[in-house]
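Structure record follows, encoded as structure tokens.
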Amino acid sequence: MKLYFLKPIMTTATVNTAPRADKPVAPPRQPLPTPVLHPDRPTLKLGLDVHLEFIMAVVQRDHASAQAPRKFTADQLVAQINKWTTDGLVVYSVQESCGFGFVLPRRLVEA
């Protein structure tokens, strides 16, 4: 077993918080979207685990127990969410997707 000693490489003397002249200033942060809640309509909550080939989704209707996980492709999930929203459900989702960006959430918002 190897033993590694970690040494800090940044000290207070080397950390500079002021922007450098040769570096462009970062753009201002965009505001986060605020959720719109509809307490009078039935809700559907999705927990998504995004993989390269498929998406595992757990569904919870209103305050019932979560259903068994289901496997979708991205296109199948968008089509299913379209069906749920046309049925009158309000769909909320949360996802765990390491490195996949915001392509899927944008498609789900459009659906």
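Observations on the structure shown:
- Multiplying the residue separation of Phe100 and Asp87 by 0.36 nm and subtracting their alpha-carbon distance yields 1.8 nm.
- Counting every other Cβ atom within 10 Å of each residue's Cβ, Arg41, Arg29 order from fewest to most as Arg29, Arg41.
- Backbone amide hydrogens, once placed in the peptide plane, bring Ser93 within less than 5 Å of Leu46, excluding anything fewer than 5 places away on its chain.
- Taking other residues whose beta carbon is less than 13 angstrom from the beta carbon of Ile81, and scoring Lys, Arg as +1 and Asp, Glu as -1, yields +2.
Where a number appears in this text, it was derived from the coordinates with a stated rule and is not lab data. All figures in this text were calculated on a predicted structure; none of them were measured in a lab. When we count neighbours, we look across all protein chains shown, and the Cβ atoms used for this are built from the backbone with ideal geometry, even at glycine.
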